[in-house]
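One structure is given here, and the rest of the page talks about it.
The values are calculated or read from the model by the stated rules, or taken from the named source; none is laboratory data. Quantities reported herein were computed from a predicted structural model and do not represent experimental measurements. Cβ placement follows ideal geometry from the backbone for every residue including glycine, while neighbour counts extend to all protein chains displayed. Keep in mind that these areas ignore ligands, DNA and RNA; they rest on the heavy atoms of the full protein, side chains included. Shrake-Rupley method; radii C 1.70, N 1.55, O 1.52, S 1.80 Å.
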2 protein chains.
Amino acid sequence: MKVVVLGTGRMGEGIARLLLEKPGIALAGVYGRRPRPGITDAGDAVGLAGARGTPFDNDLAALLDRARPQVAIQATCSRLEDAMGEIRILVDAGLDVISIAEELAYPACRSPDAARELDALAGRRRVTVLGTGINPGFVLDLLVIALTGVCQRVDRITATRVNDLSPYGPTVLESQGVGLSPDAFAAGVAAGAVVGHRGFPESMAMIAGALGWRLSRIEQRREPVVARVRRETPFVTVDPGRVAGCRHTAVGYVEDVPRIELVHPQQVCPEIEGVETGDEIAIAGEPDVRFAGRPEIPGGTGTAALAVNMIPRVVAAAPGLVSMADLPVPAAIMGDVRHLLAGRRGEVVA
Amino acid sequence: MKVVVLGTGRMGEGIARLLLEKPGIALAGVYGRRPRPGITDAGDAVGLAGARGTPFDNDLAALLDRARPQVAIQATCSRLEDAMGEIRILVDAGLDVISIAEELAYPACRSPDAARELDALAGRRRVTVLGTGINPGFVLDLLVIALTGVCQRVDRITATRVNDLSPYGPTVLESQGVGLSPDAFAAGVAAGAVVGHRGFPESMAMIAGALGWRLSRIEQRREPVVARVRRETPFVTVDPGRVAGCRHTAVGYVEDVPRIELVHPQQVCPEIEGVETGDEIAIAGEPDVRFAGRPEIPGGTGTAALAVNMIPRVVAAAPGLVSMADLPVPAAIMGDVRHLLAGRRGEVVA
């Protein structure tokens, strides 16, 4: 099973490293958007000795020509618009595509035209395109949907992910307004510079679509988490009264009744003010269901794992644009992926 | 979408009641194993006013002839051997089948020949056969598998379900040895009268199959939960020193390394000795993952919900014998099931 990785950032490198560890999977090549003069070896491009001898290219078509892969994992961007060019090339070349771009988790939500185009294109080329990741893609949508499966009736869903931004660098911190004054934060939200979490509409639409709810509107709020004590990371110092993070929430309405609430406060050093990180899903209905995990499932590690673990699911799936709710659940790949794919459903293992 | 229910016990009645509530689903008939002289109406057979006018029969073929359903839900038994006769008739009649028989959750594990026969039969008739339920089928297997999906590596899985047997009547209590002396409990285990939980091998095999582990052996232990204080339910009184329940555990080995541990102590009045009920999944690996819910997802309500909520998944599935790990996750049906089935993957909902 030959797989190429698009992206040479932290995520691309993490995915490439994981692919190298999995029996039955070969890292066939790495693509980077930026030209890297003199670099033609993936081992140099992503700094992995195990990738040495594998081609690197910033010309995607040329890389595919050389690598002849069956699957591509895209880790180059967050937005659908930005992802489409590469995906078109991959699908045209007959590859199954797994993207960790947040807007690919459920593109029909914000970009129905592009979603239809992608679905039709993938259908014609008999390949599957999937968006995945920890969030969107798992904690605040797929896991929520699965837990509603034990419910006879669902009245309201609240899913919360409290995480720690301390390991992250300037780009992420700026997108959450970390270090700003509360006024500058408000101005940043208004101007679109303080983005908060990308993926709430996608998660909402995935949940609603799976349950058969028709969302009438989604309300999002981005509020500052104001530090009361000094918080410090290698990348930022937040004095009391300044912004330590962004508390981003979204409420989805079905016929004007709030049915889905997603809560995702992201901040540096939450523990310093007694905030415990974690994931929590609470479903009010028949029966009530509440599941929680502490600390939160780590975003970077988990997203790389999901992208790789979904390979056998995407290879076995029917053609088209799909979401995590359309495929069997992911599973850690602990055996040879070729055996997993050859395994008949219901086969004897013991 | 016309659905028949097999079984007139507590589960059959609960499933029939839920089917009546779901738009786009019609309860088309109820089958009971025991003849009920003079009763031909499902409303009388299961005591549901909403089912009045729907046929009841203890001749399955005759019921199918009259009801002309597309899907059957089987709630008549626990064991595969006992379930096969009815399933053969249903599959022959061209119905998709959802069974809550514990051994149907992953029949290939203990009955590979029957599993192959069923898979071939379902394939020939172009229908799908699925086993589901809270346990096996969800908490100690599907949910575990889904959570491993965020892992780059899994070293060991421990999944625990602590529940309360207080609502249950004599049949269930006897199967867990409730009320016995510890000596009589040990004799009951040896004689096969104290069964403990049905479904550990199925859950183990489902997990191992999904991850690509090959189980070399499964060790099961049934130990008495001995009461230290008096425990009382409407059905039983347990004096100190007597057995309040069965602590059933199973360990699955991969190449002689214990990899999967499932723990399911079932007892009456656990709270009286400070035992909190709940479900908990702990995965040691990269990363570690821990998710827990308290109290436990209720078994009866949850199993009825899963059986009904899997209808659109089974109708859309490829033919054959499948497990919960082969299909998209269940979701509570909160809209018209016909719309859910007509919904294209990735369709706009908001």
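Ordering B:ALA101, B:ILE87, B:GLN70 by the projection of their Cα atoms onto the charge dipole of segment B:63-102, which places +1 on the Cβ of Lys and Arg and -1 on the Cβ of Asp and Glu, puts B:GLN70 at the extreme positive end. Over segment A:205-309, the ratio between the Cα radius of gyration and 2.2 N^0.38 Å evaluates to 1.31. Working from Cα pairs under 8 Å separated by at least six residues, relative contact order for chain A is 20 percent. Taking the longest Cα principal axis of chain A as reference, the axis of helix A:200-211 is set at about 80 degrees. 3J(HN,Hα) along segment B:232-246, derived from phi through the Karplus expression 6.51 cos²θ - 1.76 cosθ + 1.60 where θ = phi - 60°, amounts to 9, 10, x, 10, 7, 10, 10, 7, x, x, 9, 8, 9, x, 10 Hz, with x in place of Gly and Pro. Shielding by partners for peptide A:313-326, expressed as the average number of C-beta atoms from other protein chains within 10 Å of each residue's C-beta, is 2.
Its DSSP H runs of at least 4 residues, each contributing -39,500 (n - 2.57), put the calculated 222 nm mean residue ellipticity of chain B at -9000 deg cm²/dmol, to the nearest 500.
At what distance in nm do the modelled label points of B:ASP256 and B:LEU341 sit from each other, each positioned 7 Å from its Cα along Cα→Cβ? A separation of 5.3 nm, rounded to one decimal place. A straight Cα-to-Cα reach below 26 Å connects B:LYS22 with the lysines B:LYS2, residues fewer than 8 places away in its own chain not being considered. Taking 0.36 nm per residue of sequence separation and removing the Cα-Cα distance, the B:ARG230/B:ARG52 pair yields an extension gain of 59.6 nm. Kirkwood analysis of the Cα pair distances in chain B returns a hydrodynamic radius of 21.2 Å. Peptide B:96-108 shows a mean partner chain C-beta count of 1 within 10 Å per residue C-beta. In segment A:264-307, the convex hull through the Cα atoms has an average projected area of 4.4 nm², a quarter of its surface area. Positive-end ranking of B:VAL251, B:ILE333, B:ILE283 along the dipole of segment B:206-350, with charges on Cβ about the Cα centre, is headed by B:ILE333.
Per residue, how much space in cubic angstrom lies within the convex hull of the C-alpha atoms of the protein assembly as shown?
Details: hull volume 114.1 nm³, N = 700.
Per residue, the Cα convex hull of the protein assembly as shown comes to 163 Å³.
Amide H contacts under 5 Å for A:THR8: A:ARG33, restricted to partners 5 or more places along the chain or on a different chain, H placed in the peptide plane at 1.01 Å from N.
Pairs of C-alpha atoms in segment B:154-206 farther apart than 12 Å represent 72 percent of all such pairs. Positive end of the dipole of chain A, charges at C-beta (+1 Lys, Arg; -1 Asp, Glu), about the Cα centre: which of A:GLY179, A:ALA307, A:GLN220 has its Cα farthest in that direction? Selected residue: A:ALA307.
Sequence-distant contacts, meaning Cα pairs under 8 Å at least 6 residues apart, place the relative contact order of segment B:135-258 at 29 percent. Scoring A:94-103, A:239-248 by mean Cβ neighbours within 10 Å over their residues and listing the highest first yields A:94-103, A:239-248. Remark: segment B:199-350 carries a charge dipole of roughly 320 debye about the Cα centre, counting +1 on each Lys and Arg Cβ and -1 on each Asp and Glu Cβ. Split the accessible area of the protein assembly as shown by element, probe 1.4 Å, and carbon with sulfur accounts for 48%.
Each peptide in A:295-305, B:187-197 was scored by the mean count of other Cβ atoms within 10 Å over its residues; highest first, the order is A:295-305, B:187-197.
Just how large is the dipole of the protein assembly as shown about the Cα centre, in debye to the nearest 20, putting +1 at every Lys and Arg Cβ and -1 at every Asp and Glu Cβ? Spell out each step's value before the answer.
Values: 74 positive and 82 negative charges, 210 e Å.
That gives a dipole near 1000 debye.
Modelled spin-label separation between B:GLU21 and A:SER78, with each label point placed 7 Å from Cα along the Cα-to-Cβ direction: 4.0 nm.
Helix A:10-21 and the longest principal axis of the C-alpha atoms of chain A enclose an angle of approximately 50°.
Relative contact order of segment A:236-350: 13 percent, from C-alpha pairs under 8 Å at least 6 residues apart in sequence. Rounded to the nearest 20 debye, the dipole magnitude of chain A is 640 debye, with +1 charges on Lys and Arg beta carbons, -1 on Asp and Glu beta carbons, and the Cα centre as origin. Taking amide hydrogens as placed 1.01 Å from N in the peptide plane, the amide H of B:THR128 sits under 5 Å from those of B:ASP96, B:VAL97, B:GLY320, each at least 5 positions away in sequence or on another chain. Here the Kirkwood formula puts the hydrodynamic radius of segment A:167-251 at 14.0 Å, using every distinct Cα pair. A Förster radius of 51 Å, combined with the Cβ-Cβ distance separating A:GLN220 from B:ASP288, puts the computed FRET efficiency at roughly 0.95.
Of the residues B:PRO224, B:PRO319, B:PRO287, which exhibits the maximal mean-square fluctuation in a Gaussian network model of chain B defined by a 10 Å Cα contact cut-off? Maximum fluctuation in the GNM of chain B, among the listed residues, is at B:PRO287.
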